[in-house]
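Below: the structure, in structure tokens.
The values are calculated or read from the model by the stated rules, or taken from the named source; none is laboratory data. Just so you know, these numbers come straight off a predicted model, no measurement behind them. Neighbour counts are summed over all protein chains in view; Cβ atoms, including those assigned to glycine, are modelled from backbone coordinates with ideal geometry.
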Amino acid sequence: MKAKVHITLKNGVLDPQGKAVQHALGSLGFGGVDDVRQGKYIELDLAETDPAKAKASVEAMCKTLLANTVIENFSVEIG
Amino acid sequence: MKAAVIVFPGSNCDRDVAVALEASMGAKPLMIWHRDTELPPLDLIVVPGGFSYGDYLRSGAMAAHSPVMREVKARAEQGAFVLGICNGFQILTEAGLLPGVLMRNAGLKFVCRDVCLRVEATNSAFTKGYAPGQVIRAPVAHHDGNWFTDPDTHKRVEDEGQVAFRYCDEGGSLSPQSNPNGSLANIAGVFNERRNVLGLMPHPERLADAMLGGTDGKPMFDGLVEALS
């Protein structure tokens, strides 16, 4: 069973890398980009076959290691 | 005083801080490999600078969960003193021993130069060797030194006097220009509530000997030896 984890900065946390990408897009002629936020995408291959258990397990992994919940949100997709 | 320096794969300031400690305490500190899970009795544990685990995932995130850190956390809870410098500061925040998080520098560049620091609190073993408000010089060398936390935690850190050092100009004034990395409220170093854990991004061990061009970092090690011997 696969788990897909998206980790993004919380609202209100400055993302200087996102800002730099936004400016670069503007200078390349891609207008109309109001904001850019960048994050991480992690794929996990799990032995677990029960989707609910898999999700709970991956959420625990996010809270313990994969995300720093002081500044980051995470979302978990199973399947 | 019994002191130890934790060594992770990728630590690169472990020997520098060992030299600074030896100069102040007259004996070599123990060097503890990150896989060790049993520590002898210790008064001071230093988590040194470097790039532990290649900064994978987030700076300090992997090291914070390494076997030795469980023991370091337990010792801190028992009252041992723990000093985290640069990557060590990142590791201590990731381990939950210190508030906040060290984000990518606001200017996105690795910053490697001397900065001025204002000593904000002298009521700790780490900072008792300094005068309140004293301005000292210290080298910084980091990519992720932008200290950040939520407004409630920031207020608590300020109210409890947990700010140890702030980036300032030579006269001791705070400004965005004197902030090398965008840290919230120019914060360069913070204590835990009990003041037995300190993390800071600048490197006092790199200016602890006149041969290195200055001794502004030495009072930190001398103060620890005096307080813990």
- Hey, among A:75, A:57, which residue is away from chain B (no Cβ under 13 Å), of a type in the set (Ser, Thr, Tyr) and farther than 23 Å from residue B:101 by Cα? A:57
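Taking the criterion of being under 16 Å from the mean Cα position of the chain (by Cα), within 18 Å of residue B:148 (Cα to Cα), surrounded by fewer than 16 Cβ atoms within 10 Å (Cβ to Cβ) and β-branched (Val, Ile, Thr), would at least one residue in region A:61-78 satisfy it?
To start, the set of residues in region A:61-78 that are under 16 Å from the mean Cα position of the chain (by Cα) comprises A:61-78.
Now restrict to residues that are within 18 Å of residue B:148 (Cα to Cα): A:67-73.
Filter again for surrounded by fewer than 16 Cβ atoms within 10 Å (Cβ to Cβ), leaving A:69, A:73.
Within this subset, residues satisfying the condition of being β-branched (Val, Ile, Thr) are A:69.
Yes, some residue in region A:61-78 is under 16 Å from the mean Cα position of the chain (by Cα), within 18 Å of residue B:148 (Cα to Cα), surrounded by fewer than 16 Cβ atoms within 10 Å (Cβ to Cβ) and β-branched (Val, Ile, Thr).
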- State all residues of region A:60-79 that are closer than 11 Å to residue A:9 by Cβ and of a type in the set (Asp, Glu); if no residue qualifies, say none. A:72
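Condition first: farther than 18 Å from residue B:9 by Cβ and not small (Gly, Ala, Ser). Can you find one or more residues in region B:61-70 that meet it? Give the steps one after another, and end with the answer.
Pass one, region B:61-70, residues farther than 18 Å from residue B:9 by Cβ: none.
No, every residue in region B:61-70 fails to be farther than 18 Å from residue B:9 by Cβ and not small (Gly, Ala, Ser).
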- Message: Where the second residue is surrounded by fewer than 24 Cβ atoms within 10 Å (Cβ to Cβ) and acidic (Asp, Glu) and the first is more than 23 Å from residue B:224 (Cβ to Cβ) and lies in region B:79-106, which pairs have Cβ atoms under 8 Å and are six or more apart or on separate chains?
- Response: B:103/B:144; B:104/B:144; B:105/B:144
- Message: Looking at region B:12-41, I want the residues that are under 18 Å from residue B:224 (Cα atoms) and have a partner that is at pLDDT below 95 and of a type in the set (Gly, Ala, Ser) with Cβ atoms under 9 Å, at least 6 apart or on another chain. Which pairs are those?
- Response: B:25/B:229
- Query: Hey, does region B:29-50 have a residue that's in a helix (DSSP H, G or I) and either surrounded by 15 or more Cβ atoms within 10 Å (Cβ to Cβ) or hydroxyl-bearing (Ser, Thr, Tyr) (or both)?
  - Reply: no
- Note on the structure: If we ask which residues in region B:154-184 are part of a helix (DSSP H, G or I) and over 17 Å from the mean Cα position of the chain (by Cα), their number turns out to be 8
- Query: Quick check: anything in region B:95-108 in contact with a Pro (Cβ under 9 Å, 6 or more places away or on another chain) and not in a loop (DSSP other than H, G, I, E, B)?
  - Reply: yes
- Tally of residues being surrounded by fewer than 22 Cβ atoms within 10 Å (Cβ to Cβ) and touching a strand residue (DSSP E or B) at 6+ places or on another chain (Cβ under 9 Å) across region B:51-62: 2
- Which residues, counting only those in region B:73-93, are within 13 Å of residue B:198 (Cα to Cα) and of a type in the set (A, V, I, L, M)? B:76, B:80, B:82, B:83, B:85, B:91, B:92
- Query: Any residue in region B:69-90 that is in a loop (DSSP other than H, G, I, E, B), within 14 Å of chain A (Cβ to nearest Cβ) and surrounded by fewer than 24 Cβ atoms within 10 Å (Cβ to Cβ)?
  - Reply: no
- Query: Which condition breaks for residue B:120 when tested against (1) crowded, with 23+ Cβ neighbours inside 10 Å; (2) closer than 25 Å to residue A:65 by Cβ?
  - Reply: (2)
- Residues of region A:5-42 classified as within 24 Å of residue B:110 (Cα to Cα), without any contact (Cβ under 8 Å) to a residue 40 or more places away in the chain and not in a loop (DSSP other than H, G, I, E, B), total: 12
- Task: Return the residue satisfying two criteria in turn: it lies in region B:147-179 and is buried (at least 16 other Cβ atoms within 10 Å of the Cβ) and in contact with a Lys or Arg (Cβ under 6 Å, 6 or more places away or on another chain), and of such residues it is farthest from residue B:114 (Cα to Cα).
- Result: B:166
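Quick test for you: out of B:50, B:88, B:60, pick the one residue that is modelled with pLDDT of 95 or more and in contact with a Pro (Cβ under 6 Å, 6 or more places away or on another chain). Even if it seems obvious, please write down each step before you answer.
On the way: B:50 fails: in contact with a Pro (Cβ under 6 Å, 6 or more places away or on another chain); B:60 fails: in contact with a Pro (Cβ under 6 Å, 6 or more places away or on another chain).
None of the others qualify; the one that does is B:88.
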